[in-house]
Amino acid sequence: MRKVYLSFLGLGTFDPVTKTSRYMPTVYELNKEKSPKTEFVQVAEIKMMGTDYFDKVIIACTQKSFDTHFENLKNQLENIGVSQISPLIIGEDMSSEGQWNWFEQILLYIDPNDELTIDLTHGYRSAPIVISAAINFLRRSRNIALNAVYYGAYEKDKGLAPIVNMKDFYIINEWAEAVSRLVEDADARKLAELAKKTPEFQFGELNDNELISIFDKLTNTIRNVDVNNVSGQANQAISLIKNKLQIASGTGKILLKLVLDKFSSLATEEPLSGRYDKPYFTVQLEIIRLLLTHKLFMQAYTVMRELIASIGMIPFKIEGLKDHERREKRRIFGEMFTSMFHFKEKKWKFEGEQKKAAFTELKPYYDKLKDSGIEKILRDFSGDLANYRNGFDHAWTATSGAESDIEEKGLKFYESLKEVVDLLDKNSFFG
């Protein structure tokens, strides 16, 4: 990993007496250490950090600032033992195209995995803004490590100029990425990761082990389609977030409210009963909607298929979703129920004592669904849904490729399932 120092060199202050531009000598202070008096912040920083610390020193400057100051700066750097000094001449074009050219020129000097120290003190016009905006790109595309972002706070009437390290502020780019993941992918794991390493003054209210743990669990529960545990995880997360909101900073409140907005629809006022009742199906529908919204189609189709199987369990008064007997009944009756809709009645053929007994038990319930019009709705789309879900199961190897209308069909299936759940409720199937 190379250690690279990148700084900018401008013209400084114009002296009307000498008709020249110059920087005024001063003493700089970094981490309570003072530099020798110098007009160049670059000399002060490198001297205090150690003249053998950097493998390469890059000085970005315009042709005019190069002609005015570079030779003097280079001599002073060489006098303290720096040898690898490269000037980078950037244009003075302030247009969007010109700024993009600055960025691409700088990019050529940065290698993958470099450790980068940047000084913005004497940046030419908007050049510091350009490189500041590019830092996150460099982190992602070149995997750079950002060691420091320095600014020498020189004031004419003060004999000591503190050098401020602005590195911690640049973590805002990572928080922006975490927000993007949350909003676009319903993924709170990046928020949890950042909360572990962010200073207390930045989103410190998120640096809570319990909150970090529940963010991870909730995201994984949704993405792993652990539908029976989603509501409980959401309830726990929302309770913690509401407590944190009372003491959160302004930016912390923004992030916490984003999490609330994203996951509150999965929560219930009371814990789920463990039955196949209306709240249970409401949560399942909300999980489907969330998965479809974030284009997690395979997971969405899985939940939709399982929801149909769960409808077949409504007649059974079963307590405890994790009960072994419930799981065994679910395996038999749920699969039997989906099969009854996947095949036309005249093609039903349930062989074996167990299947025949299950069919006998389910048939009266099926007939009630038929009388209420629910059976027709389920039959109209459940076979199609099963085919799409099987396509995901087998990576679409049985066809020429994935269907082109997965999203469109998913939304239609979701609306049909909503209609079915509404009719189940209207016809008192939930009791």
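Among the residues of segment 256-272, is any in contact with a Phe, Trp or Tyr (Cβ under 6 Å, 6 or more places away or on another chain), part of a helix (DSSP H, G or I) and assigned by TED's automatic domain parsing to the domain that holds ASN207?
There is no residue in segment 256-272 that is in contact with a Phe, Trp or Tyr (Cβ under 6 Å, 6 or more places away or on another chain), part of a helix (DSSP H, G or I) and assigned by TED's automatic domain parsing to the domain that holds ASN207.
Looking only at segment 1-45, count how many residues are surrounded by 15 or more Cβ atoms within 10 Å (Cβ to Cβ) and not in a strand (DSSP E or B).
Filtering segment 1-45 down to residues surrounded by 15 or more Cβ atoms within 10 Å (Cβ to Cβ) leaves 2-12, 21-23, 26, 28-30, 35, 38-45.
With not in a strand (DSSP E or B) added as a condition, the list becomes 2, 10-12, 23, 35, 39-45.
Total satisfying the criteria: 13.
Checking the structure you have, find out if any residue of segment 172-185 is over 27 Å from GLU45 (Cα atoms) and assigned to a loop (DSSP other than H, G, I, E, B).
no
Just to check your reading of the model, which residue among PHE359, PHE337 is of a type in the set (Phe, Trp, Tyr) and either under 20 Å from PHE413 (Cα atoms) or not assigned by TED's automatic domain parsing to the domain that holds LEU423 (or both)?
Result: PHE337 is the single residue among PHE359, PHE337 that is of a type in the set (Phe, Trp, Tyr) and either under 20 Å from PHE413 (Cα atoms) or not assigned by TED's automatic domain parsing to the domain that holds LEU423 (or both).
Return the residues of segment 1-36 that are basic (Lys, Arg) and over 27 Å from ILE89 (Cα atoms); say none if nothing qualifies.
Within segment 1-36, LYS32, LYS34 qualify.
Output the residues belonging to segment 155-170 that are in contact (Cβ under 8 Å) with a residue 40 or more places away in the chain and either surrounded by 17 or more Cβ atoms within 10 Å (Cβ to Cβ) or touching a Pro at 6+ places or on another chain (Cβ under 8 Å) (or both).
ALA161, ILE163, listed by residue number.
Tell me, which residue of segment 371-388 that is within 15 Å of PHE429 (Cα to Cα) and either free of Cβ contacts under 8 Å to residues at least 40 places away in the same chain or of a type in the set (Phe, Trp, Tyr) (or both) is surrounded by the most Cβ atoms within 10 Å (Cβ to Cβ)?
GLU375
Can you name the condition, by its number, that VAL227 falls short on among (1) over 14 Å from ASP187 (Cβ atoms); (2) surrounded by 15 or more Cβ atoms within 10 Å (Cβ to Cβ); (3) in contact with a Leu (Cβ under 6 Å, 6 or more places away or on another chain); (4) among the hydrophobic types (A, V, I, L, M, F, W, C)?
Looking at each condition in turn, VAL227 falls short on (3).
May I ask you to verify whether GLU375 is within 22 Å of GLU345 (Cβ to Cβ), of a type in the set (Asp, Glu) and modelled with pLDDT of 90 or more?
yes
Go through segment 285-302 and give me each residue that's part of a helix (DSSP H, G or I), within 12 Å of PHE392 (Cβ to Cβ) and aliphatic (A, V, I, L, M).
Residues satisfying the conditions are MET298, ALA300.
Can you tell me which of (1) in the same structural domain as MET48 (by TED's automatic domain parsing); (2) without any contact (Cβ under 8 Å) to a residue 40 or more places away in the chain; (3) out of contact with any Leu (no Cβ under 6 Å at 6 or more places or on another chain) is the one GLY152 doesn't meet?
That leaves (2) as the condition not met.
List the number of the failed condition for MET48; all other conditions in (1) within 23 Å of SER35 (Cβ to Cβ); (2) assigned to a loop (DSSP other than H, G, I, E, B) hold.
Unmet condition: (2).
Identify the residue in segment 51-69 that is charged (D, E, K, R) and part of a helix (DSSP H, G or I) and, among all such residues, is surrounded by the most Cβ atoms within 10 Å (Cβ to Cβ).
LYS64
Taking segment 70-106 as the region of interest, how many residues are small (Gly, Ala, Ser), assigned to a loop (DSSP other than H, G, I, E, B) and closer than 26 Å to ILE135 by Cβ?
So in segment 70-106, the residues small (Gly, Ala, Ser) come out as 81, 83, 86, 91, 95-96, 98.
Right, trim to assigned to a loop (DSSP other than H, G, I, E, B) and you get 81, 83, 91, 95.
This time we only want the ones that are closer than 26 Å to ILE135 by Cβ, so: 91, 95.
Looking only at that region, the number is 2.
Let's see how each residue does on (1) surrounded by fewer than 19 Cβ atoms within 10 Å (Cβ to Cβ); (2) hydroxyl-bearing (Ser, Thr, Tyr):
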| position | (1), (2) |
| --- | --- |
| ASP187 | no, no |
| ASN209 | yes, no |
| SER213 | yes, yes |
| LYS257 | yes, no |
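The values are calculated or read from the model by the stated rules, or taken from the named source; none is laboratory data. Everything quoted here is computed from the prediction, not taken from an experiment. For neighbour counting, all protein chains shown are included, and Cβ atoms are generated from backbone atoms with ideal geometry for every residue, glycine included.
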